[in-house]
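Just below is one structure, and these are the notes that go with it.
The values are calculated or read from the model by the stated rules, or taken from the named source; none is laboratory data. Being a predicted model, the structure only gives us computed values, none of them experimental. All Cβ positions, even for glycine, are placed from backbone atoms using ideal geometry, and neighbour counts span all protein chains on display. We work out accessible area using only protein heavy atoms, side chains counted, and drop any ligands, DNA or RNA first. Shrake-Rupley method; radii C 1.70, N 1.55, O 1.52, S 1.80 Å.
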Amino acid sequence: MHFLSQNDLNINLIPHLCLHCHSVIAGAFTIHGHMKIFNSPSNSSTFTGFILLGFPCPREGQILLFVLFTVVYLLTLMGNGSIICAVHWDQRLHTPMYILLANFSFLEICYVTSTVPSMLANFLSDTKIISFSGCFLQFYFFFSLGSTECFFLAVMAFDRYLAICRPLRYPTIMTRRLCTNLVVNCWVLGFIWFLIPIVNISQMSFCGSRIIDHFLCDPAPVLTLTCKKGPVIELVFSILSPLPVFMLFLFIVGSYALVVRAVLRVPSAVGRRKAFSTCGSHLAVVSLFYGSVLVMYGSPPSKNEAGKQKIVTLFYSVVTPLLNPVIYSLRNKDMKKALKKFWGT
């Protein structure tokens, strides 16, 4: 989809980048399409997948959850897709702020698609089996898209910092070229961050139970199934996993601290409200995403650890992408007008 004119950003780069990454990772996992499970040193067998428990409940409950998450998924696609189309059709929104927002909406569509379709299939499945390659592809894309979201939130915070704290220099700094480079770098960095750890983990042998008490292939339960503990791999993953989350979170906090300081220096109350309104939506999205992630990784272990992980992961991977279009459309007058124009209301 050609998003803007020839001089504008073409977000068609992003789907091609995702497809290229998909083919590379799929090729890497095809070599190890079967996973060895060892019940004892002398007895071994081979199977082709894990068992995702998901949300255990009676058949009627599974069907109800299927209907519920199908509606949530369709609403998420419609909401984020509407933002992309509104920015595409409204020439007034062909600015770096809305270009970043359109890419972010496309990212949310990819993010929710990495988990919900397999979760829906799991609800209707009797075996609850996910293939070995499918598990690690989901593993890779879920965490890569999550990292990409962290990078995008940081870039959007940087854009708001320039717009509010450096308004006169903003047009010369945040050019279309810089915006394009930032968008491409967000996708590239997000997708190469977990590449080596994921490939290394996929080549390990797995022993005993193949049951994962989650609705997706999460690293913690997967690593507990390995025959030999790989302290180096676990250390690398434990460092790489939270690094973009917390480093970029500090960057976002620093950016908005400077924004708040600049806004408080505005003499008129109307000017302060206008300045806050330009970044209020983004702050709400950052709070939703990072609030749930910090609860996930920052709180001490509990007795019902698996249940807590499911709920928190469900919130930032499914609920947040659903709420983001609502937040941006309610808090932004230009976006509200563009959406009304797009829907013909």
Treating only the Cβ atoms of Lys and Arg (+1) and Asp and Glu (-1) as charged, compute the dipole magnitude of segment 46-339 about its Cα centre; round to the nearest 20 debye.
-> 1160 debye
Looking at segment 46-339, what % of the alpha carbon pairs are farther apart than 29 Å?
-> 39 percent
Sort 187-196, 102-111 for me by packing, meaning the mean count of neighbouring Cβ atoms within 10 Å per residue, highest on top.
-> 102-111, 187-196
Cα-projected label distance for Leu294 with Ile239, points at 7 Å along beta-carbon direction, nm | 2.5 nm
Chain lengthening between Leu189 and Val326 when straightened (0.36 nm per residue, less Cα-Cα) = 46.5 nm
Length gained when the stretch Ile63-Arg166 is fully extended (0.36 nm per residue, less Cα-Cα span) = 31.8 nm
Take the Cβ-Cβ distance between Met247 and Ser277 as r, set R0 to 41 Å, and report the resulting FRET efficiency rounded to the nearest 0.05.
-> 0.90
Env charge @ Ser114, Cβ radius under 15 Å, K,R +1 / D,E -1, value -3
Cβ-Cβ FRET estimate between Thr70 and Asp126, R0 fixed at 22 Å, reported to 0.05 | 0.70
Ignoring any ligand, DNA or RNA, what whole percent of the accessible area of segment 71-195 comes from carbon and sulfur when the probe is 1.4 angstrom?
-> 70 percent
Per residue, in Å², the accessible surface of segment 46-339 once ligands and nucleic acids are set aside, probe 1.4 Å | 44 Å²
Given Cβ charges of +1 for Lys and Arg and -1 for Asp and Glu, the option among Phe139, Thr180, Ser105 whose Cα lies farthest towards the positive end of the dipole of segment 46-339 is Thr180
Using a cut-off of 14 Å between beta-carbons, work out the net charge of the residues near Pro321 (Lys and Arg +1, Asp and Glu -1, Pro321 not included).
-> -2
Calculated FRET value between Ser287 and Thr224, using beta carbons and R₀ = 22 Å, to 0.05 = 0.10
